[in-house]
2 protein chains.
Amino acid sequence: MAEQKKMVEEITSMEVDFAQWYTDIVKKADLIDYSSVKGCMVIRPYGYAVWENIQKILDARFKETGHENVYMPMFIPESLLQKEKDHVEGFAPEVAWVTHGGSEPLAEKLCVRPTSETLFCEHYANIVHSYRDLPKLYNQWCSVVRWEKTTRPFLRSREFLWQEGHTIHATAQEAVEETERMLNLYADFCEQELCMPVVRGKKTESDKFAGAEDTYCIEALMHDGKALQAGTSHYFGDGFAKAFGIQFTDKNNTLQYVHQTSWGMTTRLIGAVIMSHGDNNGLVLPPAVAPIQVVILPIAQHKPGVLDKAYELKARLAKSFRIKLDDSDNSPGWKFSEYEMKGVPLRLEIGPKDIEKGQCVLVRRDTREKYFVPLEDLETEIDRLLKELAKSLYEKALANRERRTYVCRTLDEITTALAENGDGFVKAMWCGDEACEDAVKEKTGVGSRCIPFAQEQLSDVCVCCGKPAKHMVYWGKAY
Amino acid sequence: MAEQKKMVEEITSMEVDFAQWYTDIVKKADLIDYSSVKGCMVIRPYGYAVWENIQKILDARFKETGHENVYMPMFIPESLLQKEKDHVEGFAPEVAWVTHGGSEPLAEKLCVRPTSETLFCEHYANIVHSYRDLPKLYNQWCSVVRWEKTTRPFLRSREFLWQEGHTIHATAQEAVEETERMLNLYADFCEQELCMPVVRGKKTESDKFAGAEDTYCIEALMHDGKALQAGTSHYFGDGFAKAFGIQFTDKNNTLQYVHQTSWGMTTRLIGAVIMSHGDNNGLVLPPAVAPIQVVILPIAQHKPGVLDKAYELKARLAKSFRIKLDDSDNSPGWKFSEYEMKGVPLRLEIGPKDIEKGQCVLVRRDTREKYFVPLEDLETEIDRLLKELAKSLYEKALANRERRTYVCRTLDEITTALAENGDGFVKAMWCGDEACEDAVKEKTGVGSRCIPFAQEQLSDVCVCCGKPAKHMVYWGKAY
């Protein structure tokens with residue numbers, strides 16, 4: 001008991017040390033454990049349950065839009081990885097290599113997939129012959145490995161879980177539409193289910209995925225003003241198709257190359273949720289992905305009738321919500337802290353006096369507001385409060401982003417805005433030249449995050465060189 | 001069209017060449033594709049959908065029995081693998097080794113997990129302190145790698161998908177109960193959902209999992225009389241706990257070691273389903289895991305009203321069953337063959353005459369029996385026929401097993417039974433001596449499959465040496 005109490009109290013305040021606050025939460029909300037494999041984490045039941053909820057919602061959305069799940073090998077032979085030039089240059093420096101099977105050296109070394117374009121391409125080349133075979137809309141849930149130098153739980157780890165969609169189409173237009181469709185699906189998911197506002201846009205040339213013609217992305221702003229790329233959707237044109245020979249006969253009996261996309265979201269979304277909604281009492285989880293939506297805490301549970309009533313409520317509410325009842329002998333105070341740390345959206349308290357009055361108390365995690373609710377109205381009220389909480393989380397995150405978005409017309413304005421208001425998104429015009437992109441980063445510390453689809457004409461000239469501007473760009477420091 | 005027609009016809013008869021029949025089915029029912037990584041397969045949408053259905057049912061059963069999902073790293077450092085002596089001896093010869101990250105050699109080589117006991121143990125040692133922390137009932141869905149020399153799709157591949165449960169308990173008794181509980185859960189799943197009868201038993205000493213005190217297993221008999229191990233459940237005692245230092249303080253404040261189990265089922269279940277129920281027209285899928293339970297085939301679909309009626313039925317039936325409507329311009333004959341190949345349990349035909357009569361035709365995949373069903377009774381009739389089909393599949397597989405189970409009292413009887421009736425299970429008594437176990441295999445070709453829980457006293461003496469018998473054993477040739 002004493003040990004547990006201490007644990008709950010020990011969280012660093014986010015104003016003191018945001019990075020430590022984050023680390024405290026991932027450990028103390030029982031999301032992860034470290035392992036003896038550097039940069040790889042153990043995702044514990046509570047953290048994995050968040051991922052399962054993310055998976056369930058995304059998977060249903062993928063299937064509604066006609067996608068099918070498959071499973072590809074986790075290994076890629078070196079020669080296969082090398083087939084598309086830009087792709088291998090981008091990924092070879094950061095892959096893990098398998099060189100031995102048992103005690104024998106392999107004839108050809110295999111990398112553990114960092115992403116599976118090459119495997120999907122090889123398969124598509126095998127199975128696609130005619131326009132009747134198109135489109136193929138495949139998705140895979142799996143883990144991938146990238147040999148990162150510095151790692152942080154969820155945000156950047158050597159192994160992470162993700163989904164990777166890989167689609168091929170008869171025309172460039174269809175493929176571009178798919179790239180946009182999936183980016184919008186990602187954005188809607190983040191905003192509606194994770195309560196996290198995102199900017200939709202396009203990466204600059206220097207920031208594109210290795211081998212892509214265009215990389216679309218969604219960028220979110222964390223509580224500390226740093227940006228986080230929450231998902232990407234790539235348009236490949238027919239570059240991979242030519243490298244791998246993925247051809248089909250069209251309606252006029254002519255051989256054509258397919259046009260291709262890929263798109264992915266990962267367990268880093270969990271990190272994004274923590275840093276978007278968490279506070280100094282711990283995690284705050286959006287109801288859509290919370291493993292426990294309502295925790296029932298019996299008050300004075302030794303008194304006759306209290307536990308019976310609590311069990312009865314649990315059985316009843318479990319039909320509509322994800323419910324946990326904590327009838328352990330820990331004190332109510334300890335339990336309050338514990339489920340605040342775990343970010344459970346609603347706490348339901350029921351004690352002898354409540355039972356007498358035919359009511360219970362609901363407490364919102366984010367605002368700690370209390371509601372006395374007649375038992376017969378519980379389902380309606382829980383539903384209403386969960387929706388309100390979700391709306392508040394979104395609005396609070398949006399307000400944070402707006403407060404921390406700075407419109408700048410010169411490099412000095414950028415430096416001043418960041419110094420005075422702290423990290424955030426900088427909106428500024430850009431000429432399209434990579435040298436300016438690099439110079440902005442070097443001189444102000446913020447890199448290009450994306451060229452948003454919603455363009456504004458802040459001025460006519462590049463924030464860096466003063467030459468005519470081509471795009472408005474979101475700049476920021478990134479996780 | 002011509003090419004597709006040929007494909008459907010090209011399956012090898014199982015009486016001619018059972019292995020080729022199997023290979024034909026996995027390819028022609030679109031379950032897998034080969035990849036350029038030897039021994040690793042691409043699981044295509046139709047094959048993966050079977051696995052998703054298996055996962056969904058098993059995962060729900062695991063959760064009902066109190067288990068939680070987690071995710072462990074896919075890599076195991078060499079030193080961690082070596083902590084339990086028997087375990088490393090069993091697995092080291094068949095693991096894939098990662099020796100480089102990017103271009104740099106690793107300080108310590110990592111193996112790609114062949115199974116995750118060592119990782120779970122390391123984590124449990126971190127998080128378990130008191131009897132209040134027990135039991136821990138964890139499960140993981142992932143892929144694992146074993147560097148097999150000869151490989152076959154689903155049955156034996158270098159990478160395969162599985163679940164691995166890992167639990168720790170305060171007492172040996174609880175751990176043994178868990179080992180049995182999960183074996184029984186597996187057996188029920190195979191019998192109820194996959195329609196596949198299994199023998200429940202225990203492996204002999206020589207056949208135990210590396211590091212286990214006891215390995216329980218379920219063994220099924222395939223159509224060709226070969227045995228297939230469908231799932232295993234291991235009791236570890238406190239061997240791993242001692243090697244990894246997993247200790248807890250009990251109620252008397254004494255330090256104790258935990259008692260441990262692990263259990264797993266894999267994608268080889270799909271191979272078992274193929275070889276239990278398939279026939280010379282292709283796959284036959286149990287309704288519980290069939291991606292399509294009913295395929296709707298419009299007859300004379302160019303005639304007015306036919307497609308409208310078919311779409312209407314699809315919308316209506318999709319509320320209760322997994323439905324596909326094939327309105328492509330392929331001929332009905334081609335479609336019949338295609339969905340027979342894919343093992344869809346029921347075919348629903350609807351044409352102009354049926355519509356006039358307010359009925360449709362249902363055809364069972366296994367028996368090809370036809371049923372004329374009034375449209376208003378469709379849900380009830382489909383439900384009834386799916387249940388009947390499942391029951392028939394089970395009974396047919398059971399009859400095959402019974403016909404191919406031979407009670408033998410001497411080695412000669414074994415040889416004769418197999419020669420006269422073909423491969424199958426041999427039931428024979430055994431003294432418990434490993435030398436006799438080896439001798440039986442060498443002289444008759446059948447190895448010990450398991451010591452069944454349901455023991456019979458066939459004779460008093462060992463089938464091999466004539467000394468007093470300890471157990472009745474199931475013997476067989478295994479996949």
If you take every residue apart from residue B:270 with its C-beta less than 14 Å away from the C-beta of residue B:270, what net charge results, scoring Lys and Arg +1 and Asp and Glu -1? +3
What's the center-to-center distance, using Cα atoms, between region A:183-229 and region B:283-311 in Å? 41
Tell me which trypsin sites (Lys or Arg not before Pro) from region B:126-229 have a DSSP coil assignment and no more than 16 other beta carbons within 10 Å of their own. B:149
Can you give the FRET efficiency to the nearest 0.05 for residue A:421 and residue A:302, using r as the Cβ-Cβ distance and R₀ = 51 Å? 0.45
By average C-beta atoms within 10 angstrom, highest first, the peptides A:315-323, A:343-351: A:343-351, A:315-323
Taking a label point 7 Å from the Cα of residue B:443 along Cα-to-Cβ, the residues of region B:376-412 whose backbone nitrogen sits under 19 Å from it are B:406-412
Gap separating the Cα centres of region A:428-479 and region B:392-406, nearest whole Å: 72
Of the cross-linked pairs B:226/B:441; A:324/A:357; A:314/B:63; B:309/B:335; B:149/B:208; A:208/A:251, which ones have a Cα-Cα span greater than 25 Å in the structure shown? A:208/A:251
Nearest 10 degrees, 0 to 90: what angle lies between the long axis of helix A:172-192 and the longest principal axis of chain A (Cα atoms)? 20
Determine ³J(HN,Hα), in whole Hz, for all residues of region A:414-427 in sequence, where each value follows from phi through the Karplus function 6.51 cos²θ - 1.76 cosθ + 1.60 and θ = phi - 60°; x replaces Gly and Pro. 5, 4, 5, 4, 5, 5, 7, 10, x, 4, x, 7, 10, 9
In region B:393-479, what GluC sites (Glu not before Pro) fall in a loop by DSSP, with at most 10 other Cβ atoms inside 10 Å? B:456
Report, to two decimal places, the Cα Rg of the protein assembly as shown normalised by 2.2 N^0.38 Å (N = number of residues). 1.01
Considering amide H positions built from the backbone, and no H for Pro or chain starts, which residues 5 or more places from residue B:279, or on another chain, come under 5 Å of its amide H? B:284
Looking at the square roots a ≥ b ≥ c of the eigenvalues of the Cα gyration tensor of region A:128-200, which shape do they give, rounded for a/c under 1.5, prolate if a/b is larger than b/c, or oblate? oblate
If you add up the charges near residue A:293, with Lys and Arg at +1 and Asp and Glu at -1, over every other residue whose beta carbon is less than 15 angstrom from its beta carbon, what do you get? +3
Which distances, in nm and shortest first, link the residue B:206 label point to the same label point in every other copy, taking 7 Å along Cα→Cβ? 6.7
Inter-chain shielding of B:89-97 (mean C-beta neighbours from other protein chains, 10 Å cut-off): 4
Got a sec to turn the phi values of region A:198-212 into Karplus ³J(HN,Hα) couplings, 6.51 cos²θ - 1.76 cosθ + 1.60 with θ = phi - 60°, whole Hz, x for Gly and Pro? 9, 9, 9, x, 10, 6, 6, 3, 6, 10, 5, 5, 4, x, 8
FRET efficiency estimate (nearest 0.05) - Cβ-Cβ, residue B:130 to residue B:78, R0 41 angstrom: 0.80
Normalised by the residues of chain A, what does the relative contact order come to in percent, with Cα pairs under 8 Å and at least six apart? 14
Which value at 222 nm does chain A reach when only helices count, each DSSP H run of 4 or more adding -39,500 (n - 2.57), with the total divided by all residues and rounded to the nearest 500 deg cm²/dmol? -11000 deg cm²/dmol
Highest mean packing first, using Cβ neighbours within 10 angstrom, the peptides B:64-71, B:372-379 sort as B:64-71, B:372-379
If the label for residue B:324 sits 7 angstrom from Cα along the Cα-to-Cβ line, what are its distances to the same label in every other copy, in nm to one decimal, shortest first? 4.1
Efficiency by 1/(1 + (r/R0)^6): what FRET value for residue B:372 and residue B:413, r their Cβ-Cβ distance, R0 = 56 Å, to the nearest 0.05? 0.65
Between region A:337-377 and region A:14-87, the alpha-carbon center distance in angstrom: 33
Signed unit charges on C-beta, dipole axis of region A:377-479, positive-most listed residue A:421, A:436, A:455: A:436
Residue by residue through region B:271-281, the couplings from Karplus 6.51 cos²θ - 1.76 cosθ + 1.60 with θ = phi - 60°, in Hz, x for Gly and Pro, are x, 5, 5, 4, 7, 8, 10, x, 9, 6, 9
Label distances, nm, residue B:445 versus same residue in remaining copies, Cβ-directed 7 Å point: 7.6
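We did not get these values from a lab; they are worked out from the coordinates using the rules stated. Everything numeric here is computed off the predicted structure, so don't read it as measured data. So basically every Cβ, Gly included, is an ideal-geometry build from the backbone, and we count neighbours across all protein chains shown.
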